[in-house]
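The values are calculated or read from the model by the stated rules, or taken from the named source; none is laboratory data. Please read all numbers here as calculations on a predicted model, not as lab measurements. Backbone-built Cβ (ideal geometry, glycine too); neighbour counts: all protein chains shown.
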Amino acid sequence: MNVPKTPFDISFCIINLNACSYLKNCLHALPAAAAGLSYEVIVVDNGSTDGSRQMLQEEFPATLVIVNSSNLGYTLPMNQALRATRGAFLAQINPDTLPHGEAFNVLYSYMQSHPDVGICTPKVLNIDGTLQRQCRRGAARPWDVISYFLGLSNLFPHSRFFGGYLKTYLKEDELTEVEAVSGSCMLVRRAVIDQIGYLDEQFFAYQEDADFCFRTRQAGWKIMYVPQAAVTHLGGQGGSRTQPMRGIYEWHHSYYLYYNKHLARDYFFLVNWFMYLAMGVKLGLSLLVNAIRKEKVVGTKKPAAKRA
């Protein structure tokens, strides 16, 4: 398969909402991470009030900045960025990611030599150096999700039966094909976009990556976890943290949309009813818990840095 002629090897697409300092660090790390490659950076700002746009203008004047007047979520702004790209490969990355070494050079080289791969992701690490297991996932089918939320995948991490959602049975440094990866950092072949289209904007935020990966596999492409490249993802900086209760609602609503779109047809209606009920109960509990605790968490809480 021939890569189309484009002005850039990689287009980096970043959605920002009040994550100025993290975005600044991320952008400073890109020249080393993409050493030897031509690239462009597109930042869509969702109405930040923390000086992000001024910082971009002063320190990264070559960056294409698309300004939204309010928080439009993640999916629609990411599509704004993707539609503006001119690269052969499109990197969706969060502003609170820090690539290690020549991470994107490694991913680019891998994609160039494996034309059947439509999406790849690096090893994504927490700030304490542990694997952020959400970076390589299954398709979030009922048993896998139930095992995950009941903690069975933690009790039996080496079991394929219980560890199907986060692939806990896989070795951290094992190059492997997976069903889904995290939108916090993934490299997409332009031909995939040309074939299946952009992200589904019914997802305000969350699960748009799972949906995109599902459609990519349906179209015949492979999705790969490539641990030879690594990034650190701080998680929850800016974005959902600025509106945590809405983020919690959207996280659960998006899984409902994803399940109803891709998985419900494969299961008996009683299974689907149980899943919908479980989603509603979990949403209510999450909103209640976050209403009374000081630190608000959307999705999975990320570890803090290790103290010396």
(message) Go through the stretch 248-303 and report how many residues are modelled with pLDDT under 85 and under 18 Å from the mean Cα position of the chain (by Cα).
(response) 7
(request) Please specify each residue of the stretch 1-52 satisfying the condition of being among the charged types (D, E, K, R) and either closer than 18 Å to Ile93 by Cα or touching a residue at least 24 places away in the same chain (Cβ under 8 Å) (or both). (result) Asp9, Lys24, Glu40, Asp45, Asp50
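Output the number of residues of the stretch 222-247 satisfying the condition of being at pLDDT 90 or above, over 20 Å from Arg141 (Cβ atoms) and out of contact with any Lys or Arg (no Cβ under 6 Å at 6 or more places or on another chain).
So the count comes out to 8.
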(request) Sort through Val181, Val226 and tell me the only one that's over 12 Å from the mean Cα position of the chain (by Cα), assigned by TED's automatic domain parsing to the domain that holds Arg86, surrounded by 21 or more Cβ atoms within 10 Å (Cβ to Cβ) and of a type in the set (A, V, I, L, M). (result) Val226
(message) For the stretch 120-177, give me each residue that is on the phi > 0 side of the Ramachandran plot and among the hydrophobic types (A, V, I, L, M, F, W, C).
(response) Ala140
(request) Evaluate the following for Arg265: is it free of Cβ contacts under 8 Å to residues at least 12 places away in the same chain and within 22 Å of Asp96 (Cβ to Cβ)? (result) no
(request) Scan the stretch 19-41 and give yes if some residue there is buried (at least 23 other Cβ atoms within 10 Å of the Cβ), assigned to a loop (DSSP other than H, G, I, E, B) and out of contact with any strand residue (DSSP E or B) (no Cβ under 7 Å at 6 or more places or on another chain), otherwise no. (result) yes
(message) Criterion first (outside the structural domain of Leu23 (by TED's automatic domain parsing) and within 30 Å of Asn260 (Cα to Cα)) does Ser70 satisfy it?
(response) no
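Test of understanding: among Ala84, Ala88, Ala103, Ala139, which residue is hydrophobic (A, V, I, L, M, F, W, C) and within 30 Å of Asn272 (Cα to Cα)?
Details: Ala84 fails: within 30 Å of Asn272 (Cα to Cα); Ala88 fails: within 30 Å of Asn272 (Cα to Cα); Ala103 fails: within 30 Å of Asn272 (Cα to Cα).
Checking each option against the conditions leaves just Ala139.
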(message) Take the residues in the stretch 48-71 that are under 13 Å from Leu27 (Cβ atoms) and acidic (Asp, Glu); name whichever of them is surrounded by the fewest Cβ atoms within 10 Å (Cβ to Cβ).
(response) Glu58
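For (1) assigned to a strand (DSSP E or B); (2) touching a Cys at 6+ places or on another chain (Cβ under 7 Å), each residue gets a yes or a no:
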{"site": "Glu172", "(1), (2)": "no, no"}
{"site": "Gln195", "(1), (2)": "no, no"}
{"site": "Leu199", "(1), (2)": "no, no"}
{"site": "Phe212", "(1), (2)": "no, no"}
{"site": "Thr216", "(1), (2)": "no, no"}
{"site": "Gln228", "(1), (2)": "yes, no"}
{"site": "Val231", "(1), (2)": "yes, yes"}
